[in-house]
Amino acid sequence: MNGSTADTKIRSGSDSDELVFFVNGKKIVEKNVEPETTLLTYLRRKLGLTGTKLGCAEGGCGACTVMLSRYQTQTGHLLHCSVNACLTPLGSLHLVAVTTVEGIGSVARRLHPVQERISRAHGSQCGFCTPGIVMSMYALLRNKATPTMADVEEAFQGNLCRCTGYRAIIEGYKTFTEEGGCCGGSGRGNGCCMTNDKQGDTDEVTSLFDAADFAPVDPTQEVIFPPELMSLTKHQRGGCLCFRGNQVLWLQPDSLDEFLQLKWKHPHARVVVGNTEVGIEVKFKNMIYPVILAPAFIPELNSVTHSEDGIVFGAGCTLSHMGAVLKQAVEVCPPHQNQVFLAVLEQLRWFAGQQIRNVAAVGGNIMTASPISDLNPVFMATGCKLTLMDKDGSRVVQMDDGFFTGYRRTIVRPQEILVSIEIPYSQKTQFVSAFKQSPRREDDISVVTAAMSVTFTPGTNVVQDLRLSYGGMAATTVLAKRTMNRLLGRHWEEELLQEACSSLAEEMTLDPSVPGGMVTYRQTLTLSLFYKFYLMVLQKLRRQGVNVDEVPSDCLSATQIYHPQTPSSVQIYQALPEGQSKNDVVGRPIMHLAAMKQATGEAVYCDDLPLYENELYLSLITSSKAHANITSIDSSAVQSFPGVVSCVFAADVPGSNITGVIESDETVLADRQVTCVGHIIGAVVADTQLHAQRAAKAVKIQYEELEPIVTIQEAIAAKSFYQPTRTIQKGDLEAGFKQADHILEGEIHIGGQEHFYLETNVTLAVPRGEDGEMELFVSTQSATKTQTLVAKALGVPANRVVVRVKRMGGGFGGKESRTTVLSSVVAVAANKLKRPVRCMLDRDEDMLITGGRHPFYGKYKVGFLNSGKVVALDVSYYSNVGNSMDLSLSIMDRALFHMENSYSVVNIRGQGFLCRTNLPSNTAFRGFGGPQGMMVAESWMTDVALTLGKPAEEVRRLNLYEEGESTPYNQIVDNVTLDRCWDECLSRSGYHRRRAAVELYNRQNRWTKRGLAIIPTKFGISFTAVFLNQAGALIHIYTDGSVLLTHGGTEMGQGLHTKMVQVASRVLGIPFSKIHISETSTNTVPNTSPTAASASSDLNGAAVKNACEVLLKRLKPYKTKNPKGSWEEWVKAAYLDRVNLSANGFYRTPDLGYDFKSNSGRAFHYFTYGVACSEVEIDCLTGAHKNLSSTIVMDVGHSLNPAIDIGQVEGAFMQGLGLFTLEELHYSPRGVLLTRGPGSYKIPAFGDIPTEMTVSLLRDAPNHKAIFASKAVGEPPLFLASSVFYAIKDAIMAARAESGMSGPFRLDSPASAERIRNTCSDHFTKLCPPPAEPGSFTPWSVQV
């Protein structure tokens, strides 16, 4: 070979090649390609296409999904695939057509059916995830016009939504599938959906949308592949593409020879195909790779050939393509040859999301050499062959225990490339299985992966060859060689099993400080997974006629491979009263006002605002220490970075550097001391985000470290508490315990939770040039608090600061107070530079800096009678507050107000301790302490039932509040609907039938167990801080009759604006369409309370009603004078008569005011009640669980909008499901957050929703204390997800009974797979005791 086109370009230092691609049919020719730019950045910043969103920057949430289309010259076919734009390098798009959400339809033009159906089915709440979900579905339909529901579920594995609970999205998109909108006879409770629109009573309605209203799919509406692009692809000239950036050279060879030459000359260049690994390294590990080789389009690397021994895949084959080829092979090959293929396919089912599988190459998966790779154990256990090549020749190596030489290292030499992998056919007597255990089933990183292959002497059960390969048990994928060798020549029987387990327990050990933690769990999994394999092989040997033991019937469930069932659901709400006018929209399932704009990408979020001409970007400088004195800050290197304008530190704050939402115990920028990792020290301001972030990392800070307090237990030991300690006490505790027949004590720890709003914190600050005025566009629930704290930092009165909020991409309490941390810094920078400054936090920054739900530790002592009646309770709560008070006192207040949940306890004391720690300040989160308070209550209630051996539902029912009883804080409960919710939930769920079925199932199955639980909730509605229970509204009527409505609440997806328009429409008596809400702003409605505490519809609705009534009173004379006139005529007449057509409204909640000292006064205006029943199935061997069924009955009064309210119930329930079963924040012992993105922190995904889900809004339960007899709904349903937790605990109890264990046991929250497995004590767990005594080693993470 005599050099290459690439050589010539590199030597000459010539300019970059032109990049030619198409976006939504429009040709783009980019002459200056920056290889570090992603497609997402290019779309949003260069092309102004802001429909595609940034959610995580690591390909884990799907918010940035777009469709790429290529013309394949070899086949003449078009290839359409969904991809993550946040990971797609701009340089990889040569001759590609990109389709974004804007390209398929718009409100102005015409919606695509994919956009319309998610909107009309109420599948878009905050809307930030909606464009990505739309594009995943669109790409699926372009490849398969009528998919199955399984196809749809697979397509969404890479998409997350934090608002909806997923059900509505699936229901809307089911209408595209083979199954259609039909329930299949199972999804509508007691009959077919076709005959079941009205169910049971005539006052019940079960449909939230009518599929007949949907526009049909019109193939002529599809974006066509540009003919010019097809022509360019067919006639493209050969040669290497070269894109030269500031730091990176991108080389895209088009032949294998050229690739080999380039790799020889640049042996340490990174090879990029899908960028799913390198993209993460560059973004999050600050790696810089000067040369990138991109061989994605080299024919040899994409080829698939069938050999005598198996199928050879080019190393550049995507995982999607490999999966499709293997599926085809399984259909045509004899079954005995398919064992390896099936094992690979099993791992691919759960490998990342569709968007990643569409671009990630099999070769990249091997060469990344991850110790927790899903596929490498299969390749190793089955002896796959790899072809390696350099410019001088090739060699073939087998993937065995010698291939990986260390952590992320292999035997492949720097100049070599991996050309192909051969996946072999299996032999007649060979059996192969693959396993993956992860916290969440879909799109999750493994805890342990395994692949096992055994070959027998033909006709016998004698082991001829055995390979046991594990990931997650060492720094590399490993073979359990000692165990393998011990079992050779042995018979596949019980004795072999015992030997294997003992040997694996000895061989597969981990250091107690190993990264990833979960040491006991991981070691137990190696045994559990082998046991599953052992049973599977027994079954297969019997099928082949070999004389082996039969698998006992109660063990069969351990051999079953998980296949998800398509979820079905029922929603039930009250029919409208007869005679309600068609124009009266209150009580109707009206679509979210912005849903269609959200589905087309036209809805404008804060970071979607066009760039100002002289705008700058800010990146934060944060502490890397949890507790330390700052000894020096060196920012001298920053000025040499391109694009940098300035740094901002504490000295640059013109007003007060002291801040805090209630207590002034924080700083805008750290001054001399930091008190948590993520504490904001300063910021760098530059011309672009990339430049600002890169420069911020160059600031050098020296610390004098101080000892941090990280956990609640450390705070208790050090007596590190904030004051005051809260106490609520009622009755005579001592007498209560004397009266009790039994007294028990217990404890539970409830982990924290990350908000994971899809839109991270963002602020744009624009100085207005005179009088210190500044305008801020912020994603916040608390416009007034932002205004107040920014004004304080700038040293100006609040009237100089205007805060504007159009909408948020989710909030959940996380944007109630902590948004001010960012807004204040951005405002200070904008003030210093007198230029607009913007900052949108990356997901990892947001998770690090902003805090989350408070971890709680609860200790209790409970006294109860033989009947199960609780007569005395002494409970103490400890919350991990973090490094500032924030809202923690109010959160503890609410925990104490909910310490008895829904149960009447006569003698009771609750104490609340606020632990001062060196974590980022924890804050409000949906439920605001209530869920933690109630979780402890349900823990002691479960213990009472277990102690007495009584059914838990009997004990709970016995203790439920009744009308007129008094709470621990001496508030009489009235209009109690708990009993109605309870009875309806028992009935709708078929509780007693289910209980009998669960007990039968558990008798018949040893290794899977089912559990059932029914849990009530009683949630107090009002801000616990009395002064916040107020709201304002401002209404303008214009002379054309249109109405502009503004109120104090913000829209974060919960449908508040939609409900407010419904209220105004009813009161004014005008059509919904005449009323518009533009935004929330401090210059229209002042002094607003945060949109929080579930009270926003009550407060703002009453204020809107008040303003409307003022206007109606002014219009009354003109209506009287012209009774048959139109709204427009009355308005015009009033205007001509010089009547004010603008009105303020105001509302304050009456009769509130609780006093802790005297334990008197009303804490809440009223209570929202609900009951949920859930059934689960756990795998006792792995700790995985399935959510089989959930039935929720919720009292929301007379619903203002059943679609929105049911959406809130489902969304809150799924968020609670995450809190109690899935989501775990891991902190190091030094206070460093280890889970900083969707890769390591798992919120519920599409596959986590219960297989059967029923939501019923209680009928005939008006609440005359709130607007139009409605009730608050945002927070109360969240706790009902604890029914899943206690169903899991019920199942664990059945598993423990198999080992002779009974009575109360501790199960902390969340009930993760690790906790479930470790608590299901059996002979496998006994073989893997804890590796060391606590305190004798430094654990990877600690329970905070």
Seminar exercise, completed: Considering the range 895-913, residues that are surrounded by 24 or more Cβ atoms within 10 Å (Cβ to Cβ) and within 30 Å of V674 (Cα to Cα), and then whichever is nearest to the chain's Cα centre (by Cα), we arrive at A895
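The rows are residues; the columns are (1) touching a residue at least 40 places away in the same chain (Cβ under 8 Å); (2) among the acidic types (D, E); (3) assigned to a strand (DSSP E or B); (4) on the phi > 0 side of the Ramachandran plot.
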position	(1), (2), (3), (4)
A343	yes, no, no, no
V359	yes, no, no, no
N365	yes, no, no, no
S370	yes, no, no, no
V396	no, no, yes, no
P414	yes, no, no, no
I423	yes, no, yes, no
V432	yes, no, yes, no
For this session: Could you check how many residues of the range 479-515 are open to solvent by 30 Å² or more (accessible area, probe 1.4 Å) and aliphatic (A, V, I, L, M)?
Result: 1
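Here are some residues: L889, L873, L946. Which one is more than 22 Å from D1290 (Cα to Cα) and not in a strand (DSSP E or B)? Before the answer, list the steps.
Numbers: L873 fails: not in a strand (DSSP E or B); L946 fails: more than 22 Å from D1290 (Cα to Cα).
Answer to the check: L889.
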For this session: Starting from residues that are among the charged types (D, E, K, R) and part of a strand (DSSP E or B), keep the ones in the range 831-859 and report whichever is nearest to F925 (Cα to Cα).
Result: R853
For this session: Considering (1) in contact with a Lys or Arg (Cβ under 8 Å, 6 or more places away or on another chain); (2) open to solvent by 20 Å² or more (accessible area, probe 1.4 Å); (3) assigned to a loop (DSSP other than H, G, I, E, B); (4) among the small types (G, A, S), say which one A1294 fails and leave the rest.
Result: (3)
Seminar exercise, completed: A careful count of residues in the range 339-359 that are open to solvent by 30 Å² or more (accessible area, probe 1.4 Å), within 27 Å of M135 (Cα to Cα), over 22 Å from the mean Cα position of the chain (by Cα) and not charged (D, E, K, R) gives 1
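Could you tell me which of the residues S1158, S1228, S1189 is among the small types (G, A, S) and without any contact (Cβ under 8 Å) to a residue 24 or more places away in the chain? If you could, list the steps in order and put the result at the bottom.
On the way: S1228 fails: without any contact (Cβ under 8 Å) to a residue 24 or more places away in the chain; S1189 fails: without any contact (Cβ under 8 Å) to a residue 24 or more places away in the chain.
Result: S1158 is the single residue among S1158, S1228, S1189 that is among the small types (G, A, S) and without any contact (Cβ under 8 Å) to a residue 24 or more places away in the chain.
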Exercise. Restricting the search to the range 892-902, which residues are hydrophobic (A, V, I, L, M, F, W, C) and not in a loop (DSSP other than H, G, I, E, B)?
Worked result: M892, A895, L896, F897
For this session: Identify the single condition in (1) within 30 Å of the chain's Cα centre (by Cα); (2) free of Cβ contacts under 8 Å to residues at least 12 places away in the same chain; (3) assigned to a helix (DSSP H, G or I) that H563 does not satisfy, given that it satisfies every other one.
Result: (3)
For this session: Answer with yes or no whether T600 is in contact with a strand residue (DSSP E or B) (Cβ under 7 Å, 6 or more places away or on another chain) and crowded, with 23+ Cβ neighbours inside 10 Å.
Result: yes
Exercise. Got a sec? Which of A1311, A1287 is surrounded by 23 or more Cβ atoms within 10 Å (Cβ to Cβ), in contact with a Phe, Trp or Tyr (Cβ under 6 Å, 6 or more places away or on another chain), under 27 Å from S446 (Cα atoms) and touching a residue at least 24 places away in the same chain (Cβ under 8 Å)?
Worked result: A1311
Seminar exercise, completed: In the range 54-72, anything of a type outside the set (V, I, T), in contact (Cβ under 8 Å) with a residue 40 or more places away in the chain and either part of a loop (DSSP other than H, G, I, E, B) or out of contact with any Cys (no Cβ under 9 Å at 6 or more places or on another chain) (or both) is listed as L54, G55, C56, A57, E58, G59, G60, C61, G62, A63, C64, Y71
Exercise. If we keep just the residues of the range 1084-1110 that are within 17 Å of G1145 (Cβ to Cβ) and not in a helix (DSSP H, G or I), which is most open to solvent (accessible area, probe 1.4 Å)?
Worked result: N1087
For this session: Could you please find all residues in the range 21-53 being over 11 Å from V98 (Cβ atoms), assigned to a loop (DSSP other than H, G, I, E, B) and touching a Leu at 6+ places or on another chain (Cβ under 6 Å)?
Result: V33, T37
Exercise. Out of all the residues in the range 944-960, is one or more crowded, with 22+ Cβ neighbours inside 10 Å, within 26 Å of D1260 (Cβ to Cβ) and not polar (S, T, N, Q)?
Worked result: yes
Exercise. Which residue pairs have Cβ atoms under 8 Å apart, sit 6 or more places apart or on different chains, and have a first residue in the range 918-944 that is at pLDDT 95 or above and a second that is polar (S, T, N, Q) and open to solvent by 10 Å² or more (accessible area, probe 1.4 Å)?
Worked result: N918/T675; N918/N883; L919/N883; P920/N883; S921/N883; F928/S890; G929/S890
Exercise. Got at least one residue in the range 382-389 being surrounded by 23 or more Cβ atoms within 10 Å (Cβ to Cβ) and not aliphatic (A, V, I, L, M)?
Worked result: yes
For this session: Identify the single condition in (1) in contact with a helix residue (DSSP H, G or I) (Cβ under 7 Å, 6 or more places away or on another chain); (2) crowded, with 24+ Cβ neighbours inside 10 Å; (3) not in a strand (DSSP E or B) that V862 does not satisfy, given that it satisfies every other one.
Result: (3)
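Restricting to the range 93-152, give me the number of residues that are polar (S, T, N, Q), assigned to a helix (DSSP H, G or I) and open to solvent by less than 10 Å² (accessible area, probe 1.4 Å). Break it down into steps so the answer makes sense when it comes.
The first filter runs over the range 93-152 and keeps only residues polar (S, T, N, Q), leaving 99-100, 106, 115, 119, 124-125, 130, 136, 143, 146, 148.
Those left that are additionally assigned to a helix (DSSP H, G or I): 115, 119, 130, 136, 143.
Next, from what is left, pick out any that are open to solvent by less than 10 Å² (accessible area, probe 1.4 Å): 115, 119, 130, 136.
Final tally of qualifying residues: 4.
The values are calculated or read from the model by the stated rules, or taken from the named source; none is laboratory data. Every value quoted in this text rests on a predicted model; they were computed, and no experiment measured them. In this analysis, Cβ positions are derived from the backbone assuming ideal geometry, glycine residues included, and neighbour counts consider all displayed protein chains. Calculation scope for accessible area: heavy atoms of the full protein, side chains included, ligands and nucleic acids excluded. Shrake-Rupley method; radii C 1.70, N 1.55, O 1.52, S 1.80 Å.
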